[in-house]
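> Structure in structure tokens, see below.
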Ligand code: NAD
Ligand code: ZN
């Protein structure tokens, strides 16, 4: 089959690789009809995720048709149309039983789990196509994928819904939703969202759904800010290249600061001035793993007693985090890889009723062969790119 393989920073190639096989009786094989490039894939593309190996198949946002099932798979049949959540979860362990799906204890096999335990103390769940620290599983930017624990993760899609409407259940829709849920939104609340990429868009939409009185959307890319603005007249926008974000947020909240600050940017935040230069240099010479520019701003901007919610991914050791501000302002910090499984059915219901149509963020639909071009335009925001969907069986 054809798959998108990583060969180093900025080097994605579409190659012919062996078809996936059932390795465990609980596996299924999915023929992929739609698969997307995620902001998280850009961290791999840009070379910030360790333990990638040349030839690794990447991608973790995918859906398709079941073509084969292992002997112990009971809920799925050949021909079923499914969306697959990006964390791989067993459904049985302490964490899965508590709805903490991205923290599954069983999906990351050794020696991979052993490696990440050295870094984090414990191993979180494995993720599709996301390095050997996270399990080394082949990803979904391919014609076919092996799906472990097939009775646990995939959700069947009812007839009448297009791929475009449901594909983002695999990751970014639940991610935006969980990040907004983590903001503990109360009537009258103002939520500030850094980053108007795909995750930011769904975080903004979810914050509105969850009752935020106003959402302040922060970015510098005009078409992404416009997209946010069009969601509702309860959305206000800040272009951080035109106005200083901290000052703007103070002014827009009567000096008090937003009730919740949501970081939908993560470890590759664009920094400005001396601070931006500092992080760039330290990251380049590997003295710092992440550039936590947005996280710092969010902590400082947040009102006393408010919540900072992180959807943006962080990977390692962060420098100059204003912990004193977080502590003395009594902030709550919430974060994590999304517990996608928990949100699949409720969000599918909202899509079915027409309350949410996530397809509006798609700007590019490309055949799988054009994945390298897709990465290039998504990374550099060329051609007004917001979200790329790859179609492995387009031709
Ligand atoms: P993206 O790269 O398309 O969007 C990021 C946006 O942030 C861009 O529009 C960029 O202009 C903006 N930005 C950069 N620096 C900024 C700054 N200093 N202030 C304000 N805005 C800034 O990516 P995406 O697909 O929207 O993903 C966003 C983040 O969410 C990534 O870190 C990704 O890894 C993460 N993510 C997390 C999960 C999870 O489970 N928690 C799941 C999916 C994605
Ligand atoms: Zn993703």
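> Return the single residue from 46, 293, 182 with maximal mean-square fluctuation; model: Gaussian network over the chain, springs between Cα atoms under 10 Å.
46
> Take the alpha-carbon centre of segment 212-259, take the same for segment 280-338, and report the distance between them in whole Å.
Centre-to-centre distance over Cα atoms comes out at 19 Å.
> Hey, what angle do you get for helix 273-284 against the long axis of the chain, alpha-carbon based, 0 to 90 degrees rounded to 10?
That helix lies at roughly 30 degrees to the long axis.
> Looking at the chain only, what percent of DSSP beta bridges run antiparallel? Nearest 5 please.
50
> What is the distance in Å between the Cα centroid of segment 343-395 and that of segment 1-38?
Each part's Cα centre sits 17 Å from the other's.
> Also, I was wondering about something else. What residue among 63, 323, 335 shows peak mean-square fluctuation when the chain is described by a Gaussian network model with Cα springs under 10 Å?
Judging by the Gaussian network model, the answer is 323.
> List the relative contact order of segment 173-335 as a percent without decimals, with contacts defined as Cα pairs under 8 Å and 6+ residues apart.
The value is 22 percent.
> Is any residue of segment 29-71 close enough, with backbone N under 18 Å, to a label point placed 7 angstrom from the Cα of residue 119 along the Cα-Cβ axis, and if so, which?
Residues 39-60 qualify, since their backbone N sits under 18 Å from the label point.
> Next question, about the same structure. Separation of segment 84-140 and segment 160-185 by C-alpha centroid, Å?
Cα centres, segment 84-140 to segment 160-185: 21 Å.
> Further question: Relative to the first principal axis of the alpha-carbon coordinates of the chain, what is the inclination of helix 371-380, with its axis defined by its Cα atoms, in degrees from 0 to 90 and to the nearest 10?
For helix 371-380, the angle is close to 0 degrees.
> May I pose another question? Starting with the fewest neighbours, write out 327, 95 ranked by other beta-carbon atoms found within 10 Å of each beta-carbon.
Ranking 327, 95 by Cβ neighbours within 10 Å, fewest first, gives 327, 95.
> How do 375, 240 line up, fewest other C-beta atoms within 10 Å first?
Fewest-to-most ranking of 375, 240: 240, 375.
> Given R₀ = 41 Å, what would the calculated FRET efficiency be for residue 365 paired with residue 209, taking r from the Cβ atoms and rounding to 0.05?
Once rounded, the FRET efficiency stands at 0.95.
> For Cα pairs less than 8 Å apart in space and 6+ apart in sequence, what is the mean separation divided by the residue count of segment 83-178, i.e. the relative contact order in percent?
Averaging sequence separation for qualifying contacts and normalising by length gives 29 percent for segment 83-178.
> Counting other C-beta atoms within 10 Å, which of 144, 128 has the fewest, and how do the rest follow?
Going from least to most buried by this count: 144, 128.
> Please give, to one decimal in nm, the separation of the simple spin-label points placed at residue 345 and residue 323, each 7 Å out from Cα toward the Cβ.
4.1
> Work out the FRET efficiency for residue 10 and residue 156 from their Cβ-Cβ distance, taking R0 = 41 Å, and round it to the nearest 0.05.
So, using R0 = 41 Å, E works out to roughly 0.65.
> What is the chain's relative contact order, in percent, from Cα pairs under 8 angstrom and six or more apart in sequence?
17
> Here is a further query. From the Cα gyration tensor of segment 317-395, with a ≥ b ≥ c the square roots of its eigenvalues, which class applies: rounded if a/c is under 1.5, or else prolate if a/b is larger than b/c, or else oblate?
oblate
> Additional query: Could you tell me which of rounded, prolate or oblate describes segment 197-258, using a ≥ b ≥ c as the square roots of the eigenvalues of the alpha-carbon gyration tensor, with rounded for a/c under 1.5 and, failing that, prolate when a/b is larger than b/c and oblate otherwise?
Oblate, since a/c reaches 1.5 and b/c is not below a/b.
> Right, next: Can you give the FRET efficiency for residue 74 and residue 353, using 1/(1 + (r/R0)^6), R0 = 22 Å, r = Cβ-Cβ distance, to the nearest 0.05?
Efficiency for this residue pair is about 0.15.
> Please compute the length gained on full extension between residue 67 and residue 380, using 0.36 nm multiplied by the number of residues separating them and subtracting their Cα-Cα distance.
Contour length minus Cα-Cα distance gives 109.1 nm.
No value in this document is a laboratory result; all are computed from the given coordinates. This one's a predicted model, so the numbers in the text were calculated from it and none came from an experiment. Cβ atoms come from the backbone with ideal geometry, glycine included; neighbour counts cover every protein chain shown.
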